[in-house]
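These notes are about the structure you will find just below.
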Amino acid sequence: MTRPAAAATPATMSLHEASDRLGVHYMTAYRYVRTGRLPAAKRDGVWVVDQADVDRLRARGAATPPGRGRIAHARRVPELVDRLIAGDEAGAWTMVQSVLAGGTSPADLYMRMFVPALRLIGERWVSGEITVADEHCATTVMQRLVGRTGPLFRRPGRTRGIVVLGAPEGDLHSMPTALAADLLRGQGFIVVDLGANVPTDSFVECVRRLPRVIAVGIAVTATECRTAAARLVIALRDAGVEMPVMVGGSGIDEATARALGADGWADGAPQLLRLVGNVT
Ligand code: B12
């Protein structure tokens with residue numbers, strides 16, 4: 001009588017090996033585990049997965065092919081906005097994790113979901129669909145999502161110098177520089193983000209005090225704050241600041257930015273990255 005062959009023990013591997021096999025960052029593979037897309041068990045503190053599960057995920061195409069992601073992102077923006085306005089951080093964060101687990105890069109998450117979501121909130125506010133309180137609530141949740149996602153932009157290795165960002169006096173919008181700051185960190189820059197409504201003297205004092213500042217960025221989101229931006233550029237020059245001063249954002253056009261003495265203008269963060277990238 002032949003003894004039935006012992007069931008072959010399934011080939012297993014560590015999560016690091018699985019991320020290599022899937023061609024994704026370890027943190028992405030970890031999110032597959034957290035969102036249930038990749039079954040895993042913890043052994044002696046180490047995540048272990050079955051090779052068969054990894055290969056099944058790979059065959060299913062873990063990463064979202066280009067183009068389809070863009071459509072999928074746009075379709076999910078209204079849902080994200082609803083959760084932001086409802087103050088539902090847990091729900092919004094689960095959405096963020098599933099989008100990242102789908103292979104979307106943190107930079108695409110910002111530019112294809114967070115920026116359109118903030119724009120949609122603005123449109124809903126203008127149309128009277130939501131209140132100023134809703135806008136505040138949504139922005140507060142968004143700030144927390146950016147706080148949780150920000151570490152994903154950390155880039156190991158040599159840094160490329162310091163960039164100081166901030167909004168001029170009177171401009172209450174802090175998200176624009178928070179988003180741009182992370183994208184710049186992802187490119188290896190150290191970013192000092194002064195946030196919203198920065199007093200002109202303090203902005204200048206900060207730039208003069210810091211070593212290795214390679215560029216200054218002034219984000220104008222409220223058109224009414226253009227004059228404050230002009231005052232800030234003059235104050236920086238008067239203080240002997242020689243590095244490039246970029247001015248931009250949705251509240252100022254290129255001609256005005258150039259007229260008030262900017263060395264560079266951009267509306268969105270991707271263009272700002274190119275501007276600053278050309279400085280180093
Ligand atoms: C959230 C929000 C608020 C919040 C801000 C809270 C916070 N802590 O940030 C609060 C409630 C305080 C607020 C107040 C007001 N707001 Co408001 N707000 C918004 C909203 C919905 C999102 C803003 C945001 O985060 N945008 C982030 C992204 C989407 O903006 P972005 O410009 O593309 O950002 C990019 C650039 O800035 C670039 N960038 C960043 N840093 C730098 C640096 C440099 C050098 C460069 C080149 C580029 C750059 O990178 C970013 C990412 O790509 C916008 C809607 C919108 N379309 O933006 C309205 C909006 C900006 N607000 C508006 C208005 C009118 C106001 C108020 C005057 C309303 C009122 N009557 O009270 C006040 C006061 C404004 C003031 N003095 O600042 C208008 C602005 C119109 C205008 N051009 O002036 C908007 C457009 C709404 C609308 N559709 O009309 N607001």
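The values are calculated or read from the model by the stated rules, or taken from the named source; none is laboratory data. Here the structure is a predicted model, which means the values were calculated and not measured. Neighbour counts are summed over all protein chains in view; Cβ atoms, including those assigned to glycine, are modelled from backbone coordinates with ideal geometry. We work out accessible area using only protein heavy atoms, side chains counted, and drop any ligands, DNA or RNA first. Shrake-Rupley method; radii C 1.70, N 1.55, O 1.52, S 1.80 Å.
Worth a mention:
- Residues whose amide H lies under 5 Å from that of Arg160, counting only those 5 or more places away or on a different chain, are Phe189, Ile190; hydrogens are built 1.01 Å from N in the peptide plane.
- In this rough spin-label picture, where each label sits 7 Å from Cα along the Cβ direction, the Arg34-Ser127 distance is 3.3 nm.
- Cα shape, the range 114-244, gyration tensor, a/c 1.5 rule: oblate
- Per residue, the chain exposes 51 Å² of accessible surface when a 1.4 Å probe is rolled over the protein heavy atoms with every protein chain present.
- A Cβ-based charge dipole, computed about the Cα centre of the range 167-238 with Lys and Arg at +1 and Asp and Glu at -1, lands at about 280 debye.
- If a spin label sat at a point 7 angstrom from the Cα of Arg231 along the line to its beta carbon, the backbone N atoms of the range 166-200 nearer than 19 Å would be those of 166-174, 194-200.
- Derived scalar couplings between HN and Hα for the range 188-194 equal x, 8, 8, 10, 9, 9, 7 Hz in order, rounded to whole Hz, by the Karplus curve 6.51 cos²θ - 1.76 cosθ + 1.60 (θ = phi - 60°), x for Gly and Pro.
- Dimensionless Rg/Rh of the chain - Kirkwood Rh, Rg from C-alpha atoms: 1.09
- Total charge dipole magnitude, the chain, about the Cα centre, Cβ charges on Lys, Arg, Asp, Glu only, Debye to nearest 20: 1260 debye
- Cα-based shape type of the range 131-207, given that a ≥ b ≥ c are square roots of the gyration tensor eigenvalues and the cut on a/c is 1.5: oblate
- Spin-label pair Thr139/Met27, simplified geometry with 7 Å Cα→Cβ offset, distance in nm: 2.6 nm
- Dipole of the range 73-152 [Lys/Arg +1, Asp/Glu -1 at C-beta], most positive-end residue of Met113, Ala138, Val81: Met113
- Of the residues His173, His136, His73, the one with the largest accessible area comes first in the ranking His136, His173, His73, computed with a 1.4 Å probe on protein heavy atoms.
- Within the range 134-160: backbone nitrogen closer than 19 Å to the Trp93 label point (7 Å, Cα to C-beta): 137-154
- Mean ellipticity per residue at 222 nm, deg cm²/dmol - from DSSP H runs of n ≥ 4 across the chain, formula -39500 (n - 2.57): -15500 deg cm²/dmol
- Positive-end residue of Ala222, Leu236, Ser19, charge dipole of the chain with Cβ unit charges: Ser19
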